[in-house]
Amino acid sequence: QVQLVESGGGLVQAGGSLRLSCAASGRAISSYNMGWFRQAPGKEREFVARSERSSGSTSYADSVEGRFTISRDNAKNTVYLQMNGLNAEDTAVYSCAAGKFGVVGSSWGYDYWGQGTQVTVSS
């Protein structure tokens, strides 16, 4: 079992930045692909970014490419999402997820989920 707890959300003005953290416990994240997802009010959950467990390669949704950066610190068992150039369309609850076979672009393969942290961008 992996427990995930997100933090770092809040209210930010358009154009601003936030860094989200996802602290894991129970098992080492080095064994898992780690993903960030978001869900805006009235919309389905959508993939944001993934950090692959073996190569460390990163992948992003087109909507955040070039603005968001996912990273991991295996020693701290924590994954981060640096978000720059935020706009109103980024307003959502952001959740991290872990899965040995978690894929890019969907929630398939992610077995463990955090509760999420709210990000609100004011325009």
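Bear in mind these aren't lab numbers, they're just calculated from the coordinates by the rules spelled out. Given the structure is predicted, the values throughout are model-derived calculations rather than measurements. A quick note on method: Cβ atoms are made from the backbone with ideal geometry, for glycine too, and the neighbour counts reach across all protein chains shown.
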Original post:
Pulled fully out, how much extra length does the chain show between Ser17 and Ser57, if you take 0.36 nm times their separation in residues and subtract their Cα-Cα distance?
Top reply: 12.1 nm
Original post:
FRET efficiency for Asn87 and Ser25, Cβ-Cβ distance as r, R0 = 41 Å, nearest 0.05?
Top reply: 0.80
Original post:
So for the range 35-123, what percent of the C-alpha to C-alpha distances run longer than 15 Å?
Top reply: 57 percent
**OP:** Select from Trp36, Gly85, Ser123 the residue farthest towards the positive end of the dipole of the chain; place +1 on Cβ of Lys and Arg, -1 on Cβ of Asp and Glu, and compute about the Cα centre.
**Re:** Trp36
Original post:
Expressed in nm to one decimal, what extension gain is obtained for the pair Asn74 and Gln39 from 0.36 nm per residue of sequence separation less their Cα-Cα distance?
Top reply: 10.0 nm
Original post:
Over the chain, what is the relative contact order in whole percent, taking alpha-carbon pairs under 8 Å and six or more residues apart?
Top reply: 36 percent
Original post:
Counting other Cβ atoms within 10 Å of each Cβ, which GluC sites (Glu not before Pro) in the range 16-123 have at most 10 and sit in a DSSP loop?
Top reply: Glu44, Glu65
Subject >> Convex hull volume of the range 1-61 per residue (C-alpha atoms, cubic angstrom) >> reply: 117 Å³
